[in-house]
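Read-outs: derived from the displayed coordinates by stated rules, not from any lab. Source: prediction; values computed, not measured. Virtual Cβ from ideal backbone geometry, glycine too; neighbours counted across all protein chains shown.
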Amino acid sequence: MFKVILLLIFTVFELFSAVISGRVIDADSGRAIANVKVTSDLETYTTKKNGSFTIHGVTNRVSFRARGYKRATLQVGSKKNIRLKAVRTKALYVSANAINNKKKIRKILNIAARTQINTLVVDVKNANGHLTFKGNNALAKKIGAYKYASKVNPKKFVKFLKSHGVYLIARLPIFKDNLLAKKRPNLAIRRGGAVFKDRDKLRWVNPYKGFVHQYNISIAREVAKYGFDEIQFDYIRFPVKSRLKYGRKSNATTRVKALQTFLRKAKYALSPYNVFTSIDTFGVSCWNTNDSGIGHNIKKLEKYVDYISPMLYPSGFGSGVPGLRNPLKNNKKVIYDSLRSSIRKHKVKPEQFKPWLQAFNDYAFDRRKFSKREVDQQIKACDKIGTAGWLLWNASCNYEKYFPYSKKLTKKKKRYSKKSKYKKKKRYFKKKKYKKKKRRVKKKYKQVKKKR
């Protein structure tokens, strides 16, 4: 009986749904785009070499997503050929505090309006476990994750930012979650008999726990509904500490497998929302073929996400990189060599990378202040490799010194009305009269002095 009901439902669905065929092409060059993810209500399809697709179960619209391009949708009844617009990410990080600061947001959008910046990486959750926007997650409400949430309506905020023509990435820390580990100690990583705390005095949740995976995926699903283009998973790793207790055997194989399991679940759960996904990794992961002791094996993780964002801060390479003991002596070489190493060792394509670059002062070597010059050197390395873009990190969101106003912008001629011209002439004659009076007074003073 149950099988008959299912068959009837499927038959009705097939009657009212459509089958759409078409071709995906580049909006600028007109060439066909292969490996585009095409999603309908019923299935996900990947385009062929000639960009063609045939997809079933379409009731309303079809979604398209390809690495290096902006997302697109096709309504039922519209043209069968879809044009995707290429985009190269050039991003600034925006913290949860900056979101509530209108002045800061205005400054960031002003930089985006007059420079090459076209993307913002927005915090939707922090390492403390607090969420930036209010939502309907039952567990988040229970543990108080919405306590410090902004009053800003997330959908309206996303719409406002997109009206300025920016691509939006939602940054979502996963396993460094102080609040969840505090409220649910059974989900926390332990050290000895107590809950483990890192050097920031923050707790971590256990990456092996399926419940932890489900909680973060439900948040990611909610964020996707806000309209973000991409969801970036940060702190998707194990802590850099040995002798921690996970309630099971933990080694390089199990660590990588735990991260793979989370990413596989997230990929499946987010596919209906046509949203890109990415992960942050340690910079040293570009050089290592093992998991670096934290579960980061780029070769084994890259197939579950669209982009990889290694944190290639020169100051972060405390031991230097091969051939360069002090990375600050050549910022460009650090970035270029790290990316080239990963491409060679992990068989990853350059367009899969969106590295994090350093837009803050050094803390590990000579404490030098980073200027526009240092940031530009890092960007040139990304351009040379041919990455999908780059992301600038500054925890305080102060980017003005890296994108100063050009002389052309500051030396614009002012236009005066007839009234203002008249006022200007008046001021000029007043000054002239004042100078004449001053000269007379000086002459009189000299004459008096001679008489004495």
> For the stretch 298-311, in order, what is each residue's ³J(HN,Hα) by Karplus, 6.51 cos²θ - 1.76 cosθ + 1.60 with θ = phi - 60°, in whole Hz (x at glycine and Pro)?
Replying inline: 4, 4, 8, 9, 4, 6, 8, 10, 7, 9, 10, 10, x, 8
> Stretch Phe211-Val240 to full length: gain in nm at 0.36 nm per residue minus the Cα-Cα span?
Replying inline: 8.2 nm
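If I stretch the segment between Lys349 and Asp376 completely, what's the gain in nm (0.36 nm per residue apart, minus their alpha carbon distance), one decimal?
Working: separation 27, 0.36 × 27 = 9.72 nm, distance 2.29 nm.
Full-extension gain reported as 7.4 nm.
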>> Using the basic label-point model (7 angstrom from Cα toward the beta carbon), what is the Ala252 to Ala27 distance in nanometres?
In response: 4.4
>> Output wanted: per-residue J couplings in Hz (rounded whole) for the stretch 33-38, from phi through Karplus 6.51 cos²θ - 1.76 cosθ + 1.60, θ = phi - 60°, x for Gly and Pro.
In response: 10, 8, 6, 7, 7, 10
> Is there a pair in Lys37/Lys349; Lys37/Lys267; Lys299/Lys354; Lys125/Lys372 whose C-alpha atoms are over 20 Å apart, and which pairs would that be?
Replying inline: Lys125/Lys372
> Under 5 Å between amide H atoms, partner at least 5 residues away or on a different chain: which partners does Ala188 have, H built in plane at 1.01 Å?
Replying inline: Asn206
> Taking H as built 1.01 Å from N, whose amide H comes closer than 5 Å to the amide H of Leu392, not counting residues under 5 places away?
Replying inline: Ala91, Leu92, Tyr93, Leu357
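When the chain is fully extended, how far beyond the present Cα-Cα distance does Lys329 get from His164, taking 0.36 nm per residue of separation? Mind showing how you got there, number by number?
On the way: separation 165, 0.36 × 165 = 59.40 nm, distance 3.71 nm.
Working it through step by step, the gained length comes to 55.7 nm.
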> Around Thr281, which amide H atoms from residues at least 5 apart in sequence, or from another chain, sit under 5 Å from its own amide H, with H modelled in the peptide plane?
Replying inline: Ser309, Met311
> Residue by residue, what Karplus-based ³J(HN,Hα) values in Hz, rounded to whole numbers, does the stretch 243-258 have, using 6.51, -1.76 and 1.60 with θ = phi - 60° and x for Gly and Pro?
Replying inline: 6, 9, 9, 10, x, 6, 5, 10, 9, 4, 5, 6, 5, 4, 5, 4
> With the Cα gyration tensor of the stretch 117-179 giving a ≥ b ≥ c as the square roots of its eigenvalues, does the rule (a/c under 1.5 for rounded; else a/b larger than b/c for prolate; else oblate) give rounded, prolate or oblate?
Replying inline: oblate
